[in-house]
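The values are calculated or read from the model by the stated rules, or taken from the named source; none is laboratory data. The model shown is predicted, which means the values in this text are computed figures rather than measured ones. Every residue, glycine among them, receives a Cβ derived from its backbone with ideal geometry; neighbour counts consider all protein chains shown. Please note that ligands, DNA and RNA were not included when accessible areas were found on the heavy atoms of the full protein model with its side chains. Shrake-Rupley method; radii C 1.70, N 1.55, O 1.52, S 1.80 Å.
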Amino acid sequence: TVTFTDGEAFAANVTGSDPYADLAVLSANAPQYKYKPLNIISSSTLRVGDPVIAVGTPLGLTGSMTSGIVSALGRTVSVDWSSYAIADCIQTTAPINPGNSGGPLLNYQGEVVGVTSYVAITSQGVAAQGLGLAIPSSTILRETEALITNGSYNSHPWLGISGTDMTFEMAQTMNTNVTYGVLIAQVTSGGPADKASLQKDDIIIAINATSIAMRIRSMDDLSTFLEEYTLPLQTVNVTIVRNNQTMILPVELGTRPPPT
């Protein structure tokens, strides 16, 4: 059901969803005059420190508003319904609680820059206490047409690896000077990385697609770059360090498999 601010409720159906972005589209049978759309702008305009407002129904308290700042961008968030994380999330100090999910994250001009999502753990497996998370509006703008038209979004790129952030201690153990990047822990057999000859213990330190390049410091960087700037079947150049030798390998990205 969908309940409007005047208290009237109407039946609704889920007409599209994407579990990889924690987004869904609803269709309700309410009369047109009930709807008052919000303006959505690209979250690429956000910077750490920008003030934001979250509106929702935390713990069942209808019409609540909280405020805070953008405390980080490009977070990768693990979820319990999928083996794949949600990439490129906004981290905010605005308090987010169960019931906030699906509510807008707004800038001080009242424009939507994200959709709040109550996700309990981050990519490091730490309980998300004292911070809020939101799906960026750039993801909403990218997916909305497909979710409405097709009922799903199937253009998430897939590299076909699992990995961990490099650290100084890991670099010492591996006898390498590379203290940043993504250490590949596993390469999916037959996946894009496997076909491009990436291997376990390779360290990804940079990636570029067309004219866009990024230094890869962590899994957050890698996941955000792939989600923001690439599509399935696109070829990217991945810079790795293998046995203290730097190599550049072209990889044709695949389409992320269904959630498991």
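7 Å from Cα along Cα→Cβ at both Arg217 and Val178: what's the point-to-point distance in nm?
Once both label points are built, they end up 1.8 nm from each other.
Please report the orientation-averaged projected area of the chain, defined via the convex hull of its C-alpha atoms, in nm².
If I average the Cα hull's projected area over directions, I get 14.9 nm².
Packing-wise, with mean Cβ within 10 Å as the measure, how do 100-107, 31-38 rank, highest first?
Going from most to least packed, we get 100-107, 31-38.
Rank by packing, highest mean first: peptides 181-192, 205-216, with packing defined as the count of other Cβ atoms within 10 Å averaged across residues.
Answer by packing, highest mean first, reads 181-192, 205-216.
As I understand it, the value is the acute angle between the Cα axis of helix 219-229 and the longest principal axis of the Cα atoms of the chain; what does it come to in degrees, rounded to 10?
Computed tilt is about 70 degrees.
Show me the ranking of peptides 139-149, 168-178 by mean Cβ neighbours inside 10 Å, starting with the highest.
Values: 139-149: 16.4, 168-178: 12.4.
So the peptides 139-149, 168-178, ranked by packing, come out 139-149, 168-178.
Ignoring ligands, DNA and RNA, what percent of the 1.4 Å accessible area of the chain is carbon and sulfur?
That share works out to 53 percent.
Once a ≥ b ≥ c are taken as the square roots of the eigenvalues of the Cα gyration tensor of the range 127-230, is the result rounded (a/c under 1.5), prolate (a/b larger than b/c) or oblate (a/b not larger than b/c)? Don't skip to the answer; put the middle values down first.
Details: a/c = 2.19, a/b = 1.55, b/c = 1.42.
The shape class here is prolate.
I'd like to check one number: the per residue accessible area of the chain, probe 1.4 Å, reported in Å² as a whole number.
52 Å²
Between the range 205-223 and the range 1-60, what is the C-alpha centre distance in whole Å?
So the two Cα centres are separated by 31 Å.
Please say if the range 182-238 is rounded, prolate or oblate, where rounded means a/c under 1.5 for a ≥ b ≥ c the square roots of the C-alpha gyration tensor eigenvalues, and otherwise the choice is prolate for a/b larger than b/c and oblate otherwise?
Details: a/c = 1.87, a/b = 1.25, b/c = 1.49.
The shape class here is oblate.
Would you work out the relative contact order for the range 1-123, in percent, from Cα pairs under 8 angstrom that are 6 or more residues apart?
The normalised contact order for the range 1-123 reaches 23 percent.
Under 17 Å Cα-Cα from Lys200, which aspartates and glutamates qualify once same-chain neighbours fewer than 8 residues away are excluded?
Asp165
At a probe size of 1.4 Å, how large is the accessible area of Phe4, to the nearest 10 Å²?
Result for Phe4: roughly 40 Å² accessible.
Using Cα pairs closer than 8 Å and at least 6 residues apart in sequence, work out the relative contact order for the chain, in percent. Intermediate values should be presented prior to the final figure.
On the way: 602 pairs, mean separation 40.9, N = 260.
Computed over the chain, the figure is 16 percent.
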